[in-house]
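Participant: Right, I'll just put the structure down here and ask away after.
The values are calculated or read from the model by the stated rules, or taken from the named source; none is laboratory data. Every value quoted in this text rests on a predicted model; they were computed, and no experiment measured them. Please note: Cβ atoms are built from the backbone with ideal geometry, for glycine as well, and neighbour counts cover all protein chains shown. For accessibility, only protein heavy atoms count, side chains too; no ligands or nucleic acids. Shrake-Rupley method; radii C 1.70, N 1.55, O 1.52, S 1.80 Å.
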Amino acid sequence: MPEQITPLSILYLLLHGAGTAVCIVLFLYLLLCRGKAIAPDITPPARLRRWAAALFGIMAMTHIWWILFYTYSDDTNSLIYGLLVAADCMALPPVFVGTLLTMLQDRRRPIWPIIVVMVPCAVIAVLQIALPSIDLTTPNKIYGLILVAAFIIYMVIAVRQYGRWLRDNYADLENKEVWLSLMLFIGLILLLMSYEYTDNYVMSTIAHLLGFPLAGLLLWRVETLKDLSTDSLPPKPAQREACPCKTPSPKGEISHIRQLLAKHCEDTRLYLQTDLTLSQLSVAVGVNRYYLSQYFTSQDTSYYEYIHDLRVDYFIARYRELAAAQKPIVAQQLAQESGYHSYSTFSTAFKRRMDKSVSAWMREEEQ
């Protein structure tokens with residue numbers, strides 16, 4: 001805390017108190033409230049709600065213990081200071097990483113490596129107090145910077161893999177929101193690092209200001225992220241016509257799957273179902289999900305491209321039908337009728353399919 005009260009210090013204390021209150025409210029809301037204030041019709045992962053509650057709870061505790069420390073002690077050479085730094089090292093990084101991995105709905109990556117790599121930071125923080133004659137702060141900060149850089153690189157790779165996984169399994173889901181969440185997390189981490197390393201009240205004030213949109217964005221992700229671990233089945237799935245445990249001959253398998261797709265997906269227009277997944281399609285056509293994925297690969301396409309091509313073709317047919325009947329056409333509504341809840345996804349798929357934008361194609365059709 002500064003020795004003199006200044007407008008900046010007052011602003012910092014106000015933001016610190018407001019941030020603490022927001023974290024406590026969101027912690028209690030996510031932990032105790034069964035209903036949802038945002039998108040009540042979407043079922044998000046329960047694990048994400050718990051991880052986000054843990055993140056807000058621990059952030060509230062760190063806000064409280066640091067303001068109490070600087071109010072009553074302000075002795076950075078005390079054992080209490082070293083223990084608080086160690087507590088920060090062991091509490092915040094695991095919940096940050098756990099929340100992000102849960103956003104990716106990834107159950108394979110464990111959290112314990114984060115705890116292990118943070119142990120040296122905690123130990124060095126305590127040793128610095130016990131051995132004041134030896135400068136351990138600088139190597140500890142360098143180690144922390146290396147960990148932050150490695151974490152950012154790792155998470156960028158993980159989100160890219162997540163994007164490819166979405167494309168392979170879900171016809172109308174995007175990962176732009178996850179990228180946005182990751183970028184805000186990275187920004188806050190960098191600001192917190194600068195706050196820890198520089199003792200600059202301007203940087204700490206900026207960090208607190210960015211904490212509010214981050215909290216809102218995280219709450220929005222918790223409330224609106226669809227749980228992809230269990231897919232709801234499409235209505236009236238077709239009876240299985242082939243045992244998924246047996247592998248027919250390659251030519252026979254390709255021909256058989258093509259017929260099943262034509263019968264149970266194309267003819268029934270199942271592809272118009274919003275958020276249709278590869279798993280749902282495999283159940284509907286009665287083909288093992290692995291074989292269905294291999295079929296698309298053998299045809300030099302993917303599930304994503306197959307579904308979007310059908311939807312774009314449907315959009316074109318409906319557009320020409322409405323134009324011939326001289327009925328009003330709204331591209332957004334027609335895209336929704338074609339199976340899209342996101343117009344940006346439709347625009348991307350249309351341009352890939354037709355090699356031109358929707359508006360350019362519509363102008364050509366009007367001529």
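Participant: Might you let me know whether segment 306-323 holds any residue that is in contact with a strand residue (DSSP E or B) (Cβ under 9 Å, 6 or more places away or on another chain), touching a residue at least 24 places away in the same chain (Cβ under 8 Å) and not hydrophobic (A, V, I, L, M, F, W, C)?
Facilitator: No - not one qualifying residue is present in segment 306-323.
Participant: Mind checking which pairs have a first residue in segment 349-367 that is exposed (fewer than 15 other Cβ atoms within 10 Å of the Cβ) and a second that is among the charged types (D, E, K, R) and modelled with pLDDT of 85 or more, Cβ under 7 Å, 6 or more apart or different chains?
Facilitator: Final answer for the pair search is 357/351.
Participant: Restricting the search to segment 330-343, which residues are within 16 Å of residue 366 (Cα to Cα) and open to solvent by 50 Å² or more (accessible area, probe 1.4 Å)?
Facilitator: Scanning segment 330-343 gives a single hit, 330.
Participant: Let me confirm something: among 273, 239, which residue is open to solvent by 40 Å² or more (accessible area, probe 1.4 Å), among the polar types (S, T, N, Q) and modelled with pLDDT of 85 or more? If you could, list the steps in order and put the result at the bottom.
Facilitator: Numbers: 239 fails: modelled with pLDDT of 85 or more.
Result: 273 is the single residue among 273, 239 that is open to solvent by 40 Å² or more (accessible area, probe 1.4 Å), among the polar types (S, T, N, Q) and modelled with pLDDT of 85 or more.
Participant: If you don't mind, there's one more thing I want to ask. In segment 11-67, how many are open to solvent by 30 Å² or more (accessible area, probe 1.4 Å) and of a type in the set (Ser, Thr, Tyr)?
Facilitator: Count: 2.
Participant: Moving on. Condition check: outside any loop (DSSP other than H, G, I, E, B) and surrounded by fewer than 11 Cβ atoms within 10 Å (Cβ to Cβ). Does residue 126 satisfy that?
Facilitator: Answer is no for this residue.
Participant: Now for a separate question. Hey, among 107, 164, which residue is under 30 Å from residue 305 (Cβ atoms) and outside any helix (DSSP H, G or I)? So that I can check it myself, show each step before the final result.
Facilitator: Numbers: 164 fails: outside any helix (DSSP H, G or I).
When all the criteria are applied, what remains is 107.
Participant: Now for a separate question. Filter segment 153-165 down to the residues that are open to solvent by 30 Å² or more (accessible area, probe 1.4 Å) and over 20 Å from residue 193 (Cβ atoms) and list them by number.
Facilitator: Selection gives 157, 160, 161, 164, 165.
Participant: Continuing with this model, one more query. One residue is enough: does segment 30-42 have a residue meeting the conditions within 21 Å of residue 210 (Cβ to Cβ), assigned to a helix (DSSP H, G or I) and in contact (Cβ under 8 Å) with a residue 12 or more places away in the chain?
Facilitator: Yes: one or more hits.
Participant: Among 228, 261, which is the only one that is modelled with pLDDT under 80 and open to solvent by less than 20 Å² (accessible area, probe 1.4 Å)?
Facilitator: Residue meeting the stated conditions: 228.
Participant: Just the residues that are in contact (Cβ under 8 Å) with a residue 12 or more places away in the chain and either open to solvent by 60 Å² or more (accessible area, probe 1.4 Å) or more than 15 Å from residue 97 (Cβ to Cβ) (or both), please, taken from segment 138-152. Write out each step before concluding.
Facilitator: We begin by selecting, within segment 138-152, every residue in contact (Cβ under 8 Å) with a residue 12 or more places away in the chain; these are 139-141, 143-145, 147-148, 151-152.
Passing the criteria: 139, 140, 141, 143, 145.
Participant: Considering segment 103-144 alone, what residues qualify as being in contact with a Ser or Thr (Cβ under 7 Å, 6 or more places away or on another chain) and within 25 Å of residue 183 (Cα to Cα)?
Facilitator: If the condition is that a residue be in contact with a Ser or Thr (Cβ under 7 Å, 6 or more places away or on another chain) and within 25 Å of residue 183 (Cα to Cα), then 103, 105 are the ones that fit.
Participant: Please work out which residue is least open to solvent (accessible area, probe 1.4 Å), limiting yourself to segment 188-223 and to residues that are farther than 28 Å from residue 44 by Cβ and modelled with pLDDT of 75 or more. Break it down into steps so the answer makes sense when it comes.
Facilitator: As a first pass, look at segment 188-223 and keep what is farther than 28 Å from residue 44 by Cβ: 193-206.
So of that shortlist, the ones also modelled with pLDDT of 75 or more come out as 193, 205-206.
Working: 193: 35, 205: 10, 206: 68 Å².
That would be 205.
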